[in-house]
Structures are given as C-alpha cells and as structure tokens.
1. Give the order of Lys333, Lys62, Lys6 when sorted by the count of other beta carbons within 10 angstrom, beginning with the fewest.
2. Given just the C-alpha atoms of the stretch 294-367, how large is their convex hull per residue in cubic angstrom?
3. What's the local net charge at Leu251, with K and R +1, D and E -1, over the other residues with C-beta under 12 Å away?
4. Provide the per-residue ³J(HN,Hα) series for the stretch 78-92, in order, calculated from phi with Karplus coefficients 6.51, -1.76, 1.60 and θ = phi - 60°, each as a whole number of Hz, with x at glycine and proline positions.
5. In the structure displayed, which of Lys62/Lys86; Lys62/Lys296; Lys5/Lys346; Lys150/Lys453; Lys346/Lys448 lie more than 28 Å apart, Cα to Cα?
6. Tell me, Lys346, Lys56, Lys288 in order of fewest to most beta-carbon neighbours within 10 Å?
7. Quick one: grab the alpha carbon gyration tensor of the stretch 122-168, order the square roots of its eigenvalues as a ≥ b ≥ c, and give me rounded if a/c is under 1.5, else prolate or oblate depending on whether a/b is larger than b/c.
8. About the Cα centre, and with charges only on the beta carbon of Lys, Arg (+1) and Asp, Glu (-1), how big is the dipole of the chain? Nearest 20 debye, please.
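Nothing in this text is a laboratory measurement; each read-out follows from the coordinates by a stated rule. All figures in this text were calculated on a predicted structure; none of them were measured in a lab. Here Cβ is always computed from backbone atoms with ideal geometry, including for glycine, and neighbour counts include all displayed protein chains.
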Amino acid sequence: MNDYKKYSFWLDTCGEDLTPRPALMQSADVDVAILGGGYSGLWTAYYLLRQSPGLKIAIVEKEIVGYGASGRNGGWCSSRFPVTPKMLMRRFGPDVARQMVLAMSASVDEVGRVCDEEGIDAQFRKSGILSLARGAHQLPAIQGTYAGYKQLGLEHMHRMLSPEEVDERLQVTNVHGGLFSEAGASIHPGHLVRGLARVVERLGGTIYEQTEVLNFRGGTHPSLLTQAGELRAKQAIILAGEAYLTRLSKLHRSLVPMYSLISITEPLAPAQWSQIGWQNGESVASNKYSVDYLTKTQDGRILFGSRGAPYQFGSKITDEQDLHAATHERIQKSLIEWFPILDGIKFTHSWGGPVGMPRGWMSSVSFDPSSKIATARGYTGQGVSTANLAGRILAGLITRQHGEFESLPLVQHRSPSWEPEPLRWAMVRYMQDAFLRIDQADEDRRRKPIDAKLAVFLGRH
C-alpha cells in the first residue's frame, strides 16, 4: 500500500493511519456522482446533503481523501481571489469586483463556522494576511493592491503598514512596508479535508477510494466510468479533480498543472520565537512574481512555500516533481534570508504538488442542465476558501436554489483552452523563467530584463 503520509506534513500529522476506504466494486446508481475527494467535491457534497437530506451522493477518489492539493497546500484559508481586485474591475466593473471580494472574505468565515458547527478540529485561526514588500521594488505592488480595495470602498478591511509597524508584528529582513488584510485564516489542511469527509459520511454520503475515473459521459443519464463499472447519476456528475482533471482526455487542455513546493522547519525554540515575534500568526507573503508564502503552525514551525518547479511537457504530473531539489534548496535558502537567526535550522518535511492554472487565471464553477455535468476548477493556488464558495455555488446550481452568488464572475465562466503542445510547454516554461529572472534582477537591484513587460502581460492574460 502507498505510504500516503509521505506526501505532506499535513497528512503525516493528521492523526489517521490513512488506510484507504473500500473501492467501488461494481456499477451503481446515485443522485449525484462526484469525481475527486478534495475540498471541492467534499464541500459540494456537504451543502447538497444539508439542503437535501437523503440525497444519494457518491464520491470517487483515485487515491485517498486529501491526496491532492487539499492535503498538501500551505495552510492558508485566504480571502484572496486568483484575479486581483484591479483586474476584476477592469474585466467586470466595480460592482461585480466588490461582490467577488466580499464573497471570498465571507468564505473564510464560512469555513470557520462549519468547523465549529460540525466539530472539525482544523486548527482554524483567523489571524489575517500580511503581505510584505521585501525591498523597495515590491512596495508599488502592495500599494496598488490597497488602492484597488480603496476604489471598491473596502479599505476598512485592509491597512497599509510602515516598516516599523511590520516590525511590531514580525521581524523579517529588508521590509519596506506591508499590507494587512483581516479576512484570512490559517488551518491544518489534513484535519480539514479528513474531517470534512467524515462529516459527509455522517450525513449519508458515500466515499469510494482507490477508484480511478477513466472517462465521463453527460446527457440524460450522465455517469463516471471506472474500471469497476459506471457510477450513474440522476441529477448531476461533478468534476472536481482540479489539476488532475488534465489526465482526462476531454479536459487535458482545460488547465495547466503548475507545481507549488513547500518545506517546513522543526519546531522553533521559545528564544527563537521571542526574536521573530509573529505572535498573531498571520499568513505571510512577499510580492515576488514566483510567490513566497509562509505559515506559522500550531506546533511552532515555519512553513515556507513557493512556485518554481519546471512545467513538464504534456502537463505531466509525477511524484518526482514534488521533490524538485533545486526549488526546495531555493525555498530553504530563502527562509534563512528572511530569518537569519534560523541559520542551521532543520527542515523535517519537504513536499509539493500541482495546482490548476486556467487560461486567463479565472476560476470556473459551472453546471449545464442539459448535459448534467458540473465542474469547479482553476483555483490557481487559492483553493481552500474558493473551494468552499464553489461548493455552495454548485449545490445551488444543481438544486436550482439560486441565491446571492449568481452574478459572481466565476459562475458559469468558461476559460479558453491552453495551447496544444509544444506551444504550451514553450509558453509556460518561458513565463516561469522570465518571472525568476525578474525577481532575481529586483533582488540584485539591477534593471529588469528587457522582456519583463511581455512576461507580465502574458502572466495576466
């Protein structure tokens, strides 16, 4: 049996032996069939069962619940949407942009509410998000983000911080300012995903693990096709496999699996914490193009994550990419640059996994009543809270209990397909390389590369 604990610190410390649930053994009929045992599938099942007790729901998962991004992420439950407030305003107007930002903020609270109500010990701690300008070159980015919130009339939820105010919260090198956003929380992803699965089962849902979906079919009698047979649904099939959906031929170009890698330290000593601060436990990030994100765990460790593992031709997903040595080495070196007093600290776990990147970066939540196919995907690394919102939206679309979310831009959104290979490989690899070069030039206080504007343009479109 696969040792699932090796896939992340969160799975290793979730308090379960991770023995797989039984697989689907023969064809079956249900009301709703869900592909994917992560947050999207589980949240959708949860809200459907809360709205319609007695609904027959089955989830099929190739590995185990939490195997994918839901069990490997950085521990952020963030109010940040993949598309920035300014870009949302540009694409959809200020009213829709404001509604989207507020919906994401409310989703953070909703995750906490469900954890309390259902007894899920996800170590939910609403401590906000602290975005740092590490270097003067990063300051315009957070000033621009704050300006976007101000245009939407949401400045009361966000506050610009001077370097001195940042120091009062957290001692980090080379800080030129910060932006604090109150709508953010940290969680233990393993506890959340495994706990949510138990709640879904308690409400009457069925979860089949070790069951790979080979294909799907829409229409009057939609179904998920597995080696053991068909899982036929009366009301809907839901495709909620995020980056892993690219393994299905029909969805191969719907997303690009982009890797995010993480290393985590041993628990820090009290003397080390006294020098670092971080008493409030905010989720922390810099404003590099290649992304740095940090979490303080409940047991006193520092998690440091970043993107950078090279995209593989054909949207390949492998365990080997989780442990890309050069990226993990850069991550661990970066942590020491942030906190020089931790030089020599041991890292107990390193892991990673793919996140689903749609063309245009806009997440999609959709349901087609004619084909009875629903999907939620394209979270671009912001999936913990977005998946909760997606679950509520899908439950409403499938049961036709429409409400406050109908006008959100991700509802019934269709992203264009990614380019076929080898164009996809060339484009994605170029952007990865360009962003690393831009970050390095900024850190070295050199002029940006001549192609910087082109890379940023491609990264936004």
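1. Taking fewest neighbouring Cβ atoms as first place, the list is Lys333, Lys6, Lys62.
2. Hull volume normalised by residue count: 158 Å³.
3. Values: positive: Arg247, Lys250, Arg253, Arg377; negative: Glu242.
Net charge around Leu251: +3.
4. Values, residue by residue: 9, 7, 6, 9, x, 9, 5, x, 5, 5, 4, 4, 5, 7, 10 Hz.
5. Details: Lys62/Lys86 38 Å; Lys62/Lys296 31 Å; Lys5/Lys346 19 Å; Lys150/Lys453 26 Å; Lys346/Lys448 34 Å.
Cα-Cα > 28 Å for Lys62/Lys86; Lys62/Lys296; Lys346/Lys448; rest within.
6. Numbers: Lys346 7, Lys56 18, Lys288 22.
Neighbour counts put them in this order, fewest first: Lys346, Lys56, Lys288.
7. oblate
8. That gives the chain a dipole magnitude of about 1340 debye.
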